[in-house]
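Asker: Take a look at this one; I'll ask things after.
The values are calculated or read from the model by the stated rules, or taken from the named source; none is laboratory data. Treat the numbers as computed from the prediction; the structure is a model and nothing was measured. Methodologically, a virtual Cβ is constructed for each residue, glycine included, from the backbone with ideal geometry; neighbour enumeration extends over all protein chains shown.
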Amino acid sequence: MRFKPETVMYWTRVGIGAIMGIVHALFWRPPWSILSSFSLMLAIYLATYQLFKKLYGEALSNKDAVWREGVGSFFLSWLFTWFLLYNTLFTSG
């Protein structure tokens, strides 16, 4: 069974967001600003946009789906994974 392009885009972005949350939890330290982390995530999201536009641009009935599909879940999975792991691994006191 083949998945619809929208489903692939959604779950790929959720997975990339979670992976980037793990990376940020392991390597982010307080001298870095939250703005630089958010900028990195925005750049990665734009890279997925370009990738999916190239892969599925013609196959989608709704052309806005490349931009919108999984945007909220991407950032929420990043934030959730990052905060959960960071607070678990680096507890104070």
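Asker: In this structure, does Tyr86 turn out to be in contact (Cβ under 8 Å) with a residue 12 or more places away in the chain, farther than 14 Å from Tyr10 by Cα, in a helix (DSSP H, G or I) and touching a Phe, Trp or Tyr at 6+ places or on another chain (Cβ under 8 Å)?
Answerer: On the way: in contact (Cβ under 8 Å) with a residue 12 or more places away in the chain: yes; farther than 14 Å from Tyr10 by Cα: yes; in a helix (DSSP H, G or I): yes; touching a Phe, Trp or Tyr at 6+ places or on another chain (Cβ under 8 Å): yes.
Yes: the conditions hold for Tyr86.
Asker: Right, Gly70: at negative phi and in contact with a Gly (Cβ under 9 Å, 6 or more places away or on another chain) or not? Don't jump to the end; show me each part of the working.
Answerer: Numbers: at negative phi: no; in contact with a Gly (Cβ under 9 Å, 6 or more places away or on another chain): yes.
It is false that Gly70 is at negative phi and in contact with a Gly (Cβ under 9 Å, 6 or more places away or on another chain).
Asker: Among the residues of the range 1-49, write down those that are surrounded by fewer than 18 Cβ atoms within 10 Å (Cβ to Cβ), of a type in the set (D, E, K, R) and closer than 29 Å to Leu60 by Cβ.
Answerer: Result: Arg2, Lys4.
Asker: Looking at the range 77-93, which of the residues that are β-branched (Val, Ile, Thr) and surrounded by fewer than 16 Cβ atoms within 10 Å (Cβ to Cβ) is modelled with the highest pLDDT?
Answerer: Initial filter on the range 77-93 (β-branched (Val, Ile, Thr)): 81, 88, 91.
Adding the requirement that they be surrounded by fewer than 16 Cβ atoms within 10 Å (Cβ to Cβ) leaves 88, 91.
Numbers: Thr88: 89, Thr91: 78.
Across the range 77-93, the extreme among qualifying residues is Thr88.
Asker: Can you tell me which of (1) at pLDDT 85 or above; (2) under 21 Å from Ala18 (Cβ atoms) is the one Lys54 doesn't meet?
Answerer: Of everything listed in (1) at pLDDT 85 or above; (2) under 21 Å from Ala18 (Cβ atoms), Lys54 misses just condition (2).
Asker: Next question, about the same structure. Among the listed residues Leu26, Leu35, Leu76, identify the single one that is under 27 Å from Thr7 (Cβ atoms) and not charged (D, E, K, R). Give the steps one after another, and end with the answer.
Answerer: On the way: Leu26 fails: under 27 Å from Thr7 (Cβ atoms); Leu35 fails: under 27 Å from Thr7 (Cβ atoms).
Among Leu26, Leu35, Leu76, only Leu76 is under 27 Å from Thr7 (Cβ atoms) and not charged (D, E, K, R).
Asker: Would it be correct to say that Phe74 is aromatic (Phe, Trp, Tyr), surrounded by fewer than 17 Cβ atoms within 10 Å (Cβ to Cβ) and in a helix (DSSP H, G or I)? Step through it out loud before you land on a result.
Answerer: Values: aromatic (Phe, Trp, Tyr): yes; surrounded by fewer than 17 Cβ atoms within 10 Å (Cβ to Cβ): no; in a helix (DSSP H, G or I): yes.
No; evaluated as a whole, the condition is false for this residue.
Asker: For the range 34-71: of the residues being assigned to a helix (DSSP H, G or I) and among the charged types (D, E, K, R), which is nearest to the chain's Cα centre (by Cα)?
Answerer: First pass over the range 34-71, keeping only residues assigned to a helix (DSSP H, G or I): 34-56, 65-68, 71.
Filter again for among the charged types (D, E, K, R), leaving 53-54, 68.
Working: Lys53: 16, Lys54: 18, Arg68: 12 Å.
For the range 34-71, the residue satisfying everything is Arg68.
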